[in-house]
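The values are calculated or read from the model by the stated rules, or taken from the named source; none is laboratory data. Just so it is clear, the model here is predicted, and its values are computed rather than measured. Cβ: placed from backbone, ideal geometry, glycine included. Neighbour counts: every protein chain shown.
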Amino acid sequence: MLTIKAALSEASAIASDSARLDAELLLCHAIGKQRTYLYTWPEAALSDQQASYFNELIERRKLGEPIAHIIGQREFWSLPIKVNASTLIPRPATEALIEWLLTQSFPSNCELLDLGAGTGAIALALGYEKPAWQITGLDISPAAVALAQENALNLQIKNCTFQVSNWFSAIQHRRYDLIISNPPYIDAKDPHLLQGDVRFEPLSALVAEENGLADLRCIINDSIEHLNNEATLILEHGYNQAGEVRNMLLATGFSDVGSGMDLDGHERFSFGRWRANTHER
Ligand SMILES: C[S@@+](CC[C@H](N)C(=O)[O-])C[C@H]1O[C@@H](n2cnc3c(N)ncnc32)[C@H](O)[C@@H]1O
């Protein structure tokens, strides 16, 4: 007979900085309970079926598979977001962009474009916070678009639509009040690509040419054909790319250019305002 307490102590041997938490999350998934249950009922016994399913999950984790892939879900902005191997697992650093955006003023019926929407995490968090906004999420991966659509349905967020597009290709003449993107921005030679969860995420969601700057550059350049007057562009980027991204925004003609930090104090996103009237079209 395997009790909750015994299962957790065996499993916390997995080689991860968060072994205990990992074991708790996998056990919750295996027995269909919340974490508080584990603390309230440490002596409760797992059924044979639960015990063998839990061991299966632990073996997958020992091979390095991300918890989010094993349990099929990651919380983002307090929303349970379904994840799979087609795109990035949403990260806490991305929540810093949402927090910043919610301190800014935008039209009450703001039209927002989320480029490289992945699971739909950003679009859905903003759709949840701003039900009157009209939000379009685009991604080059049909599997990611299907996942984002499923997330919108599961979360009953009705003001977000998702479609397949190579950056702006599907929305040729449309303009938006706000464009947000967390594009691929990692250099192909970055050693972090060989560590942790990223090993299980698609390179198409992570890596860009020009030391990671190629997609950021492409989005900045092409965005000006898709921004209304006084509209904002906001981009997530690597911790050491803020200066280059601000320079690209300034060189393209954006005003009010700046950057914001994640919870670790790294500049992880940059933004600018597009004053169309000051530029010839
Ligand atoms: C870093 S992930 C971000 C996913 C999600 N927005 C998030 O923050 O969790 C980048 C996403 O961009 C998509 N992508 C890569 N190249 C693209 C392109 N040329 N056009 C549209 N989407 C692209 C990838 O498929 C991936 O889903």
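Could you please find all residues in the range 3-22 being at pLDDT 80 or above and of a type in the set (A, V, I, L, M, F, W, C)? Selection gives 4, 6, 7, 8, 11, 19, 21.
State which residue pairs qualify: first residue in contact (Cβ under 8 Å) with a residue 12 or more places away in the chain and inside the range 234-249, second residue assigned to a loop (DSSP other than H, G, I, E, B) and hydrophobic (A, V, I, L, M, F, W, C) in any location, beta carbons under 7 Å apart, and separation of 6 or more residues or different chains. That search, which allows pairs on different chains as well, returns 241/213; 244/213. For residue 197, the conditions (1) over 16 Å from the mean Cα position of the chain (by Cα); (2) modelled with pLDDT under 95 all hold with the exception of (1). Residues in the range 69-118 that are small (Gly, Ala, Ser) and within 11 Å of the ligand (Cβ to nearest atom): 86, 93, 116, 117, 118.
Do you know which residues across the range 122-133 are within 12 Å of the ligand (Cβ to nearest atom) and closer than 20 Å to residue 171 by Cβ? Those that are within 12 Å of the ligand (Cβ to nearest atom) and closer than 20 Å to residue 171 by Cβ: 122, 123, 124, 126. Of all residues in the range 56-74, those satisfying the criterion of being out of contact with any helix residue (DSSP H, G or I) (no Cβ under 8 Å at 6 or more places or on another chain) and at pLDDT 95 or above are 56, 72, 73.
A count restricted to the range 134-172 and to residues that are within 12 Å of the ligand (Cβ to nearest atom), of a type in the set (D, E, K, R) and surrounded by fewer than 16 Cβ atoms within 10 Å (Cβ to Cβ) stands at 0.
Considering 263, 250, the condition of being of a type in the set (A, V, I, L, M, F, W, C) and part of a loop (DSSP other than H, G, I, E, B) is satisfied by 263 alone. Could you look through the range 100-129, keep only residues that are out of contact with any Cys (no Cβ under 7 Å at 6 or more places or on another chain) and among the small types (Gly, Ala, Ser), and pick out the one that is nearest to residue 140 (Cα to Cα)? Per the stated criteria, the residue is 116. Among the helices (runs of 4 or more DSSP H) confined to the range 67-180, the ones with at least 2 residues that are outside the structural domain of residue 237 (by TED's automatic domain parsing) are located at 67-71. Residues that are part of a helix (DSSP H, G or I), closer than 26 Å to residue 150 by Cα and in contact (Cβ under 8 Å) with a residue 40 or more places away in the chain within the range 32-66 comprise just one, 61. Looking at 183, 107, 202 in this structure, which one is in contact (Cβ under 8 Å) with a residue 40 or more places away in the chain and surrounded by 18 or more Cβ atoms within 10 Å (Cβ to Cβ)? Residue meeting the stated conditions: 183. Once the range 209-222 is narrowed to residues that are surrounded by fewer than 20 Cβ atoms within 10 Å (Cβ to Cβ) and within 12 Å of the ligand (Cβ to nearest atom), the residue that is farthest from residue 114 (Cα to Cα) is 209. Looking across 75, 43, 95, 59, one residue alone is surrounded by 13 or more Cβ atoms within 10 Å (Cβ to Cβ), acidic (Asp, Glu) and out of contact with any Cys (no Cβ under 8 Å at 6 or more places or on another chain). It is 95. State whether one or more residues within the range 191-211 are among the β-branched types (Val, Ile, Thr), in the same structural domain as residue 108 (by TED's automatic domain parsing) and closer than 22 Å to residue 111 by Cα. Checked the range 191-211: no residue is among the β-branched types (Val, Ile, Thr), in the same structural domain as residue 108 (by TED's automatic domain parsing) and closer than 22 Å to residue 111 by Cα. The criterion of being surrounded by fewer than 14 Cβ atoms within 10 Å (Cβ to Cβ), at positive phi and within 16 Å of the ligand (Cβ to nearest atom) does not hold for residue 225.
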